[in-house]
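A quick write-up on the structure given underneath.
Each reported figure results from applying straightforward, stated rules to the coordinates on display, with no laboratory input. Quantities reported herein were computed from a predicted structural model and do not represent experimental measurements. In this analysis, Cβ positions are derived from the backbone assuming ideal geometry, glycine residues included, and neighbour counts consider all displayed protein chains.
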Amino acid sequence: MPDNSILPSRKSDHIRINLEKDVRSTLTTGLEKVLFIHRALPELNLSEVDTSLKLFGKSLRSPILISSMTGGTTEASRINQTLAEAAEKCGLAMGVGSQRAAIEDQRLAYTFQIRKYAPNALIFANLGAIQLNYGYSIEHCLKAVDMIEADALILHLNALQEALQPEGDTNFAGLLPRIAIICRQMPVPVIVKEVGWGISEEDARLLASVGVAAIDVAGAGGTSWSQVEMYRMEDVSLARIASAFRNWGIPTADSIGMARHSAPGLPIFASGGISDGIEVAKCIALGATLVGMAGRFLKAAAISLDETLTTIREIQRELQVCMFAAGAANLELLDESKLIQFKDM
Ligand SMILES: Cc1cc2nc3c(=O)[nH]c(=O)nc-3n(C[C@H](O)[C@H](O)[C@H](O)COP(=O)(O)O)c2cc1C
């Protein structure tokens, strides 16, 4: 059995490293190759540009997700509370970090329990899909969802991260049929996400074939988990191996296209290196339904609730002004016809 006592300390390391070190991928998201066609004559009233949507039965004011990050420690609990209050106030969706620590030790459940701070928000539970190969079953998935009264479950895929950790769970063989069982048996939607290296065309096709409710591509260009793991390594050789993967992954813009192509009709979430409301709009125009950010919200939440609210409101305003200047009155009209896409920039 793996040593579960290391889980909370690993979470603390992850927060500290993400806040203090440069952990960005050396790849870019690819969104810089996408521009909106500016409309000098948008024929719209800015105040009527509508950024709202409905997803999994919940109403959101903007197509923005506070991506799955944390829980398991007192500090993480404070961050989750701040993020949840902000999600509720601003009408965003939010995911908590992997709940494995609280499945193993019930006393940590409170660090993930954000429903009281976000009674109306769309909330996602989170577990590593790989745990399904190490003894987790439908019971554990139900427990994660019930623990935080979530609207849906996210299973994350982090094969490369596990491979770089000395204590990683690296047997990914035969995982897809286990994901299929969870998708069939869960009473809530099951979303599968990466953690910053993207979802390929082939993987999106496989995930769609087993009935996932949505795919979050979590592509390259933002937080690089090989860099985060590199900073955790005491062993110099392991650190060098991790650092060799700094430019690994499918850039977010490319991964959206791949998932769109091989899973038509399935909601695609976009994340990985998204930095502002204009990039949120670009992801929507490329075919995403919801756009997630992790690193940027973590930094704001570590400062204060006010800082988090200011950050979110800036992103929401950028999105609305961007849609106005691109001539899109609502999210449905924000499509590829509004874009210029440069292939070799
Ligand atoms: C501190 C931190 C912890 C994270 N923990 C999780 C996690 O437990 N589960 C998960 O699915 N993704 C986790 N992620 C990955 C993010 O959800 C996201 O996919 C990734 O960071 C890319 O987004 P970004 O470039 O906006 O940071 C974490 C990210 C950060 C920054």
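Data table
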item	result
Summed side-chain charge close to E149 - residues other than E149 whose Cβ falls under 11 Å, Lys, Arg +1, Asp, Glu -1	0
Pairwise centroid distance, computed over Cα atoms, of region 24-54 with region 183-234, Å	24
Most fluctuating residue given options I241, I179, I123, as computed from a GNM of the chain linking Cα atoms under 10 Å	I241
Cα convex hull of the chain, projected area averaged across orientations, nm²	16.4
Rel. contact order, % - alpha carbon contacts under 8 angstrom, at least six apart, region 1-154	20
Mean Cα-pair separation over length for region 152-227, i.e. relative contact order, pairs under 8 Å, 6 or more apart, %	35
Calculated from backbone phi, Karplus (6.51, -1.76, 1.60) coupling profile of region 91-108 in Hz, x at Gly/Pro	x, 9, 8, 8, x, 8, x, 3, 8, 4, 4, 7, 6, 6, 9, 3, 5, 8
Other-chain or far-sequence residues with amide H under 5 Å of L339's (modelled H)	I37
Whole-Hz ³J(HN,Hα) from phi, Karplus 6.51 cos²θ - 1.76 cosθ + 1.60, for region 241-248, glycine and proline x	4, 4, 5, 5, 9, 5, 10, 8
Residues with amide H under 5 Å from that of R24, placed H, sequence gap 5 or more	S224
Value of D in µm² per second that Stokes-Einstein yields for region 273-345, Kirkwood Rh from Cα pairs, at 25 °C (0.890 mPa s)	187
Relative packing of peptides 33-39, 81-87, 138-144, 171-177 - highest average C-beta neighbours within 10 Å first	81-87, 138-144, 33-39, 171-177
For region 179-281: relative contact order, % (alpha-carbon pairs under 8 angstrom, 6 or more apart)	34
Local electrostatic count at D216 - Lys and Arg +1, Asp and Glu -1, tallied over other residues with Cβ under 14 Å	0
Nonlocal Lys pairs with alpha-carbon distance under 21 Å, the chain (8 or more apart, or different chains)	21
Helix axis angle, 175-185 relative to the chain longest principal axis, alpha carbon, degrees	70
Most fluctuating residue given options W197, W248, W225, as computed from a GNM of the chain linking Cα atoms under 10 Å	W248
Charged-residue dipole, Cβ positions (Lys, Arg, Asp, Glu), the chain about Cα centre, Debye nearest 20	240
Mean Cβ neighbour count within 10 Å, used as a protection proxy, ranking 327-335, 154-162 highest first	154-162, 327-335
Local electrostatic count, L334, Cβ distance below 11 Å [Lys/Arg +1, Asp/Glu -1]	-2
Helix-only CD estimate at 222 nm, as mean residue ellipticity for the chain, using -39500 (n - 2.57) per DSSP H run (n ≥ 4)	-12000 deg cm²/dmol
